[in-house]
Amino acid sequence: MAEEITCLGKTFNNEEERREYFRNELRKKLPELKKIDGFPIGEDEDIIALSDPPYYTACPNPWLNDIIDNWEIEKDFLRSENKRDENNIPNYPYAIDVSEGKNNPIYNAHSYHTKVPHPAIMRYILHYTQPGDIIFDGFAGTGMTCVAAQLCANPDKETKIKIEKEWSATFNNSPNWGLRKSICSDLSPIASFLADKFSSTESIEKFDSACNKLLSDFRDQLGDLYYVNYKHSRCEINYVLYSDVYLCPNCNEDIVYWGQIFDYANNSDYENIRCLKCETSSRPKNLERKFTTVFDEFLKETIRIKKTVPVQVNLKYRRKNINVNLEDLDEDYLGKISNIKVNNFFPISRMPEGDEARRNDRTGITHIHHFYSRENLKAISNLYDVCRKDKYTFFGFFNTAWHGTLMRRYNSGGGHRPKSGTLYIPSVSSVGNIFNIYQNKLSQLRRFLFETKDFKISDRVIFTSSANSLLIKSSSVDYIFTDPPFGANIMYSELSYIWEHWLKLLTNNTKEAIENKTQGKGKLEYQNLMIECFSEFYRILKPNKWMTVEFSNPSAAIWNSIQTALQKAGFIIGNVSALDKKQGSINAYTTPTAVKQDLVISCYKPSSVTIKNLKEQSLDISIWEFVEEYLNHLPIHINVSGKTSSIIERSPRILFDKLVTFCIMKGISIPIDSITFQSELKKRFVEKDGMYFTNEQVMIYENKKATAPFVVQLKWQVATENEGIEWLKRELNNSFLKYQDIQPKWMQAITAIRKGDILPELSNILEQNFIQEPDGSWRVPNLNESKDRDIIREKALLKEFNTYIELANNPKSKRMKEVRVEALRAGFKHCWDVKDFQTIIEISNKIPQNLLLEDEQLLMYYDIAKDRM
């Protein structure tokens, strides 16, 4: 007799009874849920059929807070068993090296546009949380965060040994292993569907039984679809190569790409090709594609589409895989496939408007069914018919449906697969045997199920929703790990369009946080959407808790959009680490402005006390409360290959910038100038190696530094005037230098100046910011001298800013091609102080847009000014 199941206070005889009860409840709630941003496009019954409530819903989930309340109660039980130690959760970011590959049974269970390997996520979860804590990911994709949270309870032996070794070397202790609860959501229905399957499990016996029956039924339906006669033998097809056809510019004879243009022996195009009919020589790039006019029986209309022909078949012949040209077969393969009838369901839908979705329109491939050869369209529709009612066999369908398209590229070395991140169809497609592709996927899923055998669906929640409209109550989540979309990197909804039509549920992309010309979303629109999402994340996260954001985009403008969005939402960035995906490792610490590698951003929600005190208490007290809290959220020591690495966030410049940014984002007047701040900083905190620490931290730093005594100063790449001044301070702190000694190094350092930013001559920067001795050498001014220099410099900057105001007010003036960013910063700050928001907006509309988008301070002032208008 099956064991009774309790779910949200109700008892059921089995899982199916629980599922049907909550499906009926979900059906009643759909009218209200449809009012929420990101509600998917589709029929109610398709949403109900996909959902496994309350743990997985293919729409917003109305039971989230009930589940969270139950999980909070479970924490008491863990405390009673001494499995939780809230006082031992680190207050500093995870900033150590990680090396983690992607080749494991879970990662390989299903492909997706982008994924972070779950063992890497586990390290962050173990660092920031305790068993029983609640983790959230609002851009969940395939749910690797849920997978990582569950595997913290019972990791595989190799991962456990590796992480414990790292913990021992870095923290001198062991991680607190144990189950963490997780909530994962995504705007995409296919993403949340896959996340549900990735983070649940099935018995191997039940899976094997379902697979055996399904494969038998599928084989019967296919008949001899993937068999041909060759040398009087019946041979199974592994794949068929379909080649594009071009036209001879002289006689219009067909020129087949495979063999005539593409040299498959050397895996490259010929430099020149010769027409087999008229022998005219041509360069491949000068050839025109051949089109053919056909009647599309499914659209019931005549279409013009590129001509593609099968040219070679890879067969199983006498226990070997061999390549056979079409003309060498014992039958007419073209005639065979032309007579195929497709009777089962398949999507007949126009590809949507989009930056990526209609890339194939020029070749006549306009609808979903055009992405499949005729034999594979029949096979994949048959497969859909036999597997869609079973949870895990349907899981394997979607990867098969992707690999079964014409996007699957031929690879002379094997491993034929579609190109990731695009809907590109190559000139030679490897049309694979759907039965074999699917059977291989089922084998991968079987290995996956061995890894996830301890998973329980009640330990996580998956739902489909926009990240800007969460039904989660405020301050209820213990940690957030997320890998959001970044600018125009990946067009998620467009890439998922084919999958989601098989799912019969589409992404509502109104709130999709991407750059997309077709959707009318530029960098600022993208940033505003990210602000909405991060504001929700900030709301649901408990105070003084952390969020980790994996960032992947080489654009400085997108990087600044993310920083602005995080800070405007209220987060404080505590650490930025570089992520090298090629090596699968999170490398040494880097500066906040670095954009050449993927980044891992660690940020925290400040305590409610700090925010309240900044608004209500004496500013002299609350400023330093903020600084102390920030210092307590920074790494104390970073060991890079046996050397102590400098931590740029602990420098006075960054500390002051963080204070200014926080005040502006919270609508608080900036209470102190830079020189006074630095003077007070020296009195209240301890300076070591150019970095500031609390009294407690400096002792830890000194002890750890003793094991790695050589301090590595981060290479300072000068991209702005302000960075140039800091570079000069570092150079002149060591010794007084004359102009001729500084100038050669200066020219090497300023190679990264942004286009449109006017950098004054070195002599002018020295005169405005430093002191020249009688012998001609330059030195860093003391605090009193710095105050005088700052006054003089600010007057000069504001005078220059006034010339920009005159240009902006001139109706005949065009957009300025070059401006001095430091003058803009000084001017925007002055406008902010006097609440002249209109001038900030007018100037922003006249300056080079790359400077506005790539400069964190300018973008911050502009965003706040827009809000105040």
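The values are calculated or read from the model by the stated rules, or taken from the named source; none is laboratory data. Fair warning: this is a prediction, and the values are worked out from it, not measured in the lab. Heads up, the Cβs are rebuilt from the backbone with ideal geometry, glycines too, and the neighbour counts pull from every protein chain shown. What goes into the accessible areas is simple: the full protein's heavy atoms, side chains included, and nothing from ligands, DNA or RNA. Shrake-Rupley method; radii C 1.70, N 1.55, O 1.52, S 1.80 Å.
Which aspartates and glutamates have a Cα lying under 20 Å from the Cα of LYS231, excluding residues fewer than 8 positions away in the same chain?
Straight-line reach from LYS231, under 20 Å: GLU327, ASP328, ASP330, GLU331, ASP332.
For the chain, give the magnitude of the charge dipole about the Cα centre (Cβ charges: +1 Lys/Arg, -1 Asp/Glu; no others), in debye to the nearest 20.
Computed about the Cα centre, the dipole is about 1220 debye.
Taking 0.36 nm per intervening residue step and subtracting the Cα-Cα distance, what contour gain separates PHE77 from LEU30 on full extension?
13.4 nm
Output needed for the stretch 492-563: three equivalent-ellipsoid semi-axes, defined as square roots of 5 times the C-alpha gyration tensor eigenvalues, in descending order, whole Å.
Working from the Cα gyration tensor, I get semi-axes of 25, 18, 12 Å.
So which lysines pass the test for LYS814, namely a Cα distance under 20 Å, with those fewer than 8 places away in the same chain ruled out?
LYS755, LYS846
What percent does the relative contact order of the stretch 78-183 come to when contacts are Cα pairs within less than 8 Å and at least six residues apart?
Normalised by residue count, the contact order of the stretch 78-183 is 31 percent.
Would you work out the charge dipole size for the stretch 159-316 about its Cα centre, treating the Cβ of every Lys and Arg as +1 and the Cβ of every Asp and Glu as -1, and quote it to the nearest 20 debye?
260
Quick one: which residues, 5 or more positions from LYS738 or on another chain, have an amide H under 5 Å from its amide H? H modelled 1.01 Å from N in the peptide plane, none for Pro or chain starts.
Here the answer is TRP778, since their amide H atoms fall under 5 Å of that of LYS738.
Can you give the percent of C-alpha pairs in the stretch 388-512 whose distance is more than 21 Å?
58
Nearest 20 debye, what's the magnitude of the dipole of the stretch 267-313 about its Cα centre given +1 on Lys and Arg Cβ and -1 on Asp and Glu Cβ?
120
Taking the alpha-carbon distance from LYS206 and a cut-off under 24 Å, which lysines remain once sequence neighbours fewer than 8 residues away in the same chain are dropped?
Candidates past the 8-residue exclusion: LYS197, LYS389, LYS391, LYS441, LYS453, LYS456.
Which one of PRO249, GLY413, ASN267 is farthest out on the positive end of the charge dipole of the chain, using unit charges on Cβ (Lys, Arg +1; Asp, Glu -1) and the Cα centre as origin?
Most positive-ward Cα: PRO249.
What is the ratio of the Cα radius of gyration of the chain to 2.2 N^0.38 Å, where N is its residue count, to two decimals?
That ratio works out to 1.07.
Pop out the ³J(HN,Hα) list for the stretch 322-330 in order, Karplus 6.51 cos²θ - 1.76 cosθ + 1.60 with θ = phi - 60°, rounded to Hz; leave Gly and Pro as x.
Residue by residue, the stretch 322-330 yields 10, 9, 10, 6, 4, 5, 8, 6, 7 Hz.
Under the rule of at least 5 residues apart or a separate chain, name every residue whose amide H is placed under 5 Å from the amide H of ASN238.
ASN314, LEU315, LYS316
Can you give the relative contact order of the chain as a percent, counting alpha carbon pairs under 8 Å and 6+ residues apart?
RCO, the chain: 12 percent.
Given H placed on each backbone N at 1.01 Å, which residues far from ARG820 in sequence or on other chains put an amide H within less than 5 Å of it?
Those qualifying (amide H under 5 Å, at least 5 residues apart or on another chain) are ILE758.
Out of THR707, MET491, ASN314, whose Cα points farthest toward the positive end of the dipole of the chain (charges: +1 Lys, Arg; -1 Asp, Glu; placed on Cβ)?
Ranked along the dipole, the leading option is ASN314.
GLN439 to LYS391: extension gain in nm, 0.36 nm per residue of separation minus the Cα-Cα distance?
Difference between extended and current length: 15.7 nm.
At most 16 other Cβ atoms within 10 Å plus a DSSP loop assignment makes a site exposed; report the longest stretch of the chain without any exposed GluC sites (Glu not before Pro).
With a cap of 16 other Cβ atoms within 10 Å, the longest stretch comes to 354-760.
Carbon and sulfur together cover what percent of the accessible area of the stretch 148-291 at a 1.4 Å probe radius?
42
With the alpha-carbon atoms as the only input, what is the per residue convex hull volume for the stretch 784-869 in Å³?
With only Cα atoms used, the stretch 784-869 gives 93 Å³ per residue.
Using the beta-carbon distance between LYS817 and MET869 and R0 = 25 Å, what value does 1/(1 + (r/R0)^6) give for FRET efficiency, to the nearest 0.05?
0.40
For the chain, what is the accessible area per residue in Å², given a 1.4 Å probe and the full set of protein chains?
With the other protein chains kept in place, the chain gives 43 Å² per residue.
Apply 1/(1 + (r/R0)^6) to the Cβ-Cβ distance of GLU45 and ARG350, taking R0 = 22 Å, and write down the FRET efficiency to the nearest 0.05.
For GLU45 and ARG350, the calculated efficiency is 0.40.
Among CYS831, LEU807, ILE864, pick out the residue whose Cα is farthest towards the positive end of the charge dipole of the stretch 736-869, where Lys and Arg carry +1 and Asp and Glu carry -1 on C-beta, about the Cα centre.
Checked the options; the winner is LEU807.
Counting each DSSP H run of 4 or more residues in the chain as -39500 (n - 2.57), what helix-only mean residue ellipticity at 222 nm follows after dividing by all residues, to the nearest 500 deg cm²/dmol?
Value at 222 nm, helices only: -13000 deg cm²/dmol.
Below 8 Å, C-alpha to C-alpha, sequence gap of six or more: please give me the relative contact order for the stretch 485-579 in percent.
30
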